[in-house]
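To keep things clear, I will list the structure first and then write my remarks on it.
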Amino acid sequence: MTSGPAAAQRLRDLARLRRVRDRIDQEYAQPLDVEALARGAHMSAGHLSRQFRLAYGESPYAYLMTRRIERAMALLRRGDLSVTEICFEVGCSSLGTFSSRFTELVGVPPSVYRRQAARATAGMPSCVAKQVTRPIRNREGSTPSRT
């Protein structure tokens with residue numbers, strides 16, 4: 001590995017990106033946007049988005065939405081809140097956007113997921129259910145076709 005100012009800057013950027021990711025993990029239910037995350041990391045929004053994508057394979061917004069959907073999945077499995085309540089509980093401000101993003105990531109709408117997950121995870125410890133039902137982005141779950 002090359003030492004010097006460029007390598008030192010890269011390490012500082014990676015540390016900042018980890019702090020941004022940790023903040024998203026902890027504050028997913030709060031109103032977060034890329035500009036606010038970038039200010040907290042002392043980066044421009046564009047630089048943060050580019051570097052975050054390079055480091056983690058997705059934009060900060062996509063990472064945030066995935067965390068929100070993961071939490072929503074857990075709340076849906078629990079079964080004591082409505083889909084609308086869950087939408088707002090995980091930090092989404094639009095039921096339509098929440099449902100669309102949920103369907104995109106999980107493959108079924110939240111109400112269908114609730115019915116299916118109740119059957120599929122019955123008797124399973126919640127820590128195992130969370131791992132087994134983790135949303136997989138289309139690009140992660142697809143396998144190259146052989147032609």
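Things to note:
- Only one of ALA45, ALA29, ALA41, ALA36 that is more than 24 Å from SER93 (Cα to Cα) and hydrophobic (A, V, I, L, M, F, W, C): ALA41
- Scan of the range 5-26 for residues that are within 22 Å of GLU89 (Cα to Cα) and touching a residue at least 24 places away in the same chain (Cβ under 8 Å), ordered by number: VAL20, ARG21, ILE24, ASP25
- Per-region count, the range 45-92, residues open to solvent by 20 Å² or more (accessible area, probe 1.4 Å) and outside any loop (DSSP other than H, G, I, E, B): 23
- Residue in the range 26-38 that is closer than 23 Å to GLY107 by Cβ and open to solvent by less than 70 Å² (accessible area, probe 1.4 Å) present: yes
- Flag for ARG53 being at pLDDT 95 or above, among the charged types (D, E, K, R) and in contact with a Ser or Thr (Cβ under 7 Å, 6 or more places away or on another chain): yes
- Of all residues in the range 109-132, those satisfying the criterion of being modelled with pLDDT under 95 and part of a loop (DSSP other than H, G, I, E, B) are THR121, ALA122, GLY123, MET124, PRO125.
- In the range 1-25, the residues that are farther than 26 Å from CYS87 by Cα, open to solvent by 30 Å² or more (accessible area, probe 1.4 Å) and acidic (Asp, Glu): none
- Filtered by the rule that a residue be under 14 Å from the mean Cα position of the chain (by Cα) and not small (Gly, Ala, Ser), the range 15-30 gives VAL20, ARG21, ASP22, ARG23, ILE24, ASP25, GLN26, GLU27, TYR28, GLN30.
The values are calculated or read from the model by the stated rules, or taken from the named source; none is laboratory data. Fair warning: this is a prediction, and the values are worked out from it, not measured in the lab. Counting neighbours? That spans all protein chains shown, and the Cβs are built from the backbone with ideal geometry, glycine included. Accessible surface areas use protein heavy atoms only, side chains included; no ligands, DNA or RNA. Shrake-Rupley method; radii C 1.70, N 1.55, O 1.52, S 1.80 Å.
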